[in-house]
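Read the structure below first, then the notes.
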Amino acid sequence: MAGRHEKRGRGHKVETPDLELMPMLNVFISIIPMLLLSAAFVQLSVIDTGLPAPAAAAVADAKPDAAPPVTIGLHADRVVVESGPFGRREIPRRPGTALKDDPARGQVEALLRAIAGRQEKKPEVQIVPEGHSHYEEIVELMDLARAAGLPNAALADAAPGAV
Amino acid sequence: MSRSVSRRHRRRAGLKPSTSVNLISMMDILTVLLLFLLKSYSAGGEVMVPQPGVQLPESTADLLPQKSLIVSIDGDAIKLGSEKIASVAEVASSPDVDIPALAQRLPVPTPVPGAPAGTLSNAVTIQGDRDIEYSLLRKVMYTLSQGGYQNVSLAVLRKA
């Protein structure tokens, strides 16, 4: 550390400490570009999902003491929610509108909340999309199920003529 | 030698005084930047970046990605890591339920070192563009399952 002498008052010398910042600066200049290059500024997360199995198989394979699974059929013009004790309900969609902007989204969420709230054991959710369904809408449905308190959502294939 | 002395010498010699750069403010900026970068590393989990050209869907899921094989699907191509495997248009128009080009290039799952016997590295993360169709995603998932990759995760952008 070097010092700087300054005269103040009547002949009093005050030594102002002078920090050697160059070595620290050199370290910073080496580390920061390295961290910047390898940093991930976009936060990614993942959704664990099983491979699509027929929805009917999931119902048959369900444990006897487990709640019957909830099946959500995603179509271009409607969303069909089917749950054992609650029956089947069709919610019409606004054609050409993404699910996140569709009024049907709120209705699906309310229905899933009602299903989750009335059952002690949380049922598994089987999402059965059409072939043309957008991936974003499938993820949106998984989010809705999670928000309603049904965290186990998986993709499933429809049996011919079902959902 | 003190600076005041050297300055006096310079003044006598008719030289301009040297300007000393104030580094303190620069050090402040660099310190804040360094702390920010170090904090972003302390989140844990595997550092995963979206593949170029892939617009991931947003989700409230908060599960951190783990080390796995990465298959990405954008509007044009299906990629294994960064290698293009197949064209989306060809796969979408094909009547096959799987993708033969992807099946050929999939590495065979290997035992995980240090894990119980029989545990295979069969985890795969799919980075799919938000606008791809489910029929395409299904073909990719079916091909992966046929290749021994049963542990499938879908990568999403975390909603704030």
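Below is a table of values for the structure above.
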{"quantity": "Failed item in (1) over 25 Å from A:Asn152 (Cβ atoms); (2) within 23 Å of the chain's Cα centre (by Cα); (3) in contact (Cβ under 8 Å) with a residue 12 or more places away in the chain, with B:Lys84 passing the rest", "calculated": "(3)"}
{"quantity": "Residues of region B:123-136 satisfying the condition of being touching a residue at least 12 places away in the same chain (Cβ under 8 Å) and touching a helix residue (DSSP H, G or I) at 6+ places or on another chain (Cβ under 9 Å)", "calculated": "B:Val124, B:Ile126, B:Gly128, B:Asp129, B:Arg130, B:Asp131, B:Ile132, B:Glu133, B:Ser135, B:Leu136"}
{"quantity": "Criterion (closer than 14 Å to A:Pro52 by Cα, of a type in the set (Gly, Ala, Ser) and within 14 Å of chain B (Cβ to nearest Cβ)) met by exactly one of A:Ala153, A:Ala147", "calculated": "A:Ala153"}
{"quantity": "Scan of region B:145-154 for residues that are within 8 Å of another protein chain (Cβ to nearest Cβ) and more than 21 Å from the chain's Cα centre (by Cα), ordered by number", "calculated": "B:Ser145, B:Gln150"}
{"quantity": "Residue count for region B:85-139, restricted to those that are at the interface with chain A (Cβ under 9 Å from one of its Cβ atoms), closer than 21 Å to B:Leu64 by Cα and either in contact with a Gly (Cβ under 8 Å, 6 or more places away or on another chain) or assigned to a loop (DSSP other than H, G, I, E, B) (or both)", "calculated": "2"}
{"quantity": "Pair list, Cβ under 9 Å, 6 or more apart: region A:83-104 residue within 18 Å of A:Val139 (Cβ to Cβ), other residue surrounded by fewer than 15 Cβ atoms within 10 Å (Cβ to Cβ) and aliphatic (A, V, I, L, M)", "calculated": "A:Arg93/A:Ala76"}
{"quantity": "Residue count for region A:23-34, restricted to those that are within 8 Å of another protein chain (Cβ to nearest Cβ), open to solvent by 40 Å² or more (accessible area, probe 1.4 Å) and within 18 Å of B:Asn22 (Cα to Cα)", "calculated": "2"}
{"quantity": "Residue identified as under 23 Å from B:Lys159 (Cα atoms) and touching a helix residue (DSSP H, G or I) at 6+ places or on another chain (Cβ under 6 Å) among A:Arg105, A:Arg93, A:Arg113, A:Arg146", "calculated": "A:Arg105"}
{"quantity": "Check on B:Thr119, among the β-branched types (Val, Ile, Thr) and open to solvent by less than 40 Å² (accessible area, probe 1.4 Å)", "calculated": "no"}
{"quantity": "Filtered residue count, region A:90-107, keeping only those that are of a type in the set (S, T, N, Q) and under 14 Å from A:His134 (Cα atoms)", "calculated": "1"}
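For (1) surrounded by fewer than 17 Cβ atoms within 10 Å (Cβ to Cβ); (2) within 22 Å of B:Gln51 (Cβ to Cβ), each residue gets a yes or a no:
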position: B:Val97; (1), (2): yes, no
position: B:Gln104; (1), (2): yes, yes
position: B:Val112; (1), (2): yes, no
position: B:Leu136; (1), (2): no, yes
position: B:Lys139; (1), (2): no, yes
position: B:Val156; (1), (2): no, yes
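The values are calculated or read from the model by the stated rules, or taken from the named source; none is laboratory data. What you are looking at is a predicted structure, and each value in this text was computed from that prediction instead of being measured. Counting neighbours? That spans all protein chains shown, and the Cβs are built from the backbone with ideal geometry, glycine included. Accessible surface is based on the protein model in full, side chains and every heavy atom, while ligands, DNA and RNA are left aside. Shrake-Rupley method; radii C 1.70, N 1.55, O 1.52, S 1.80 Å.
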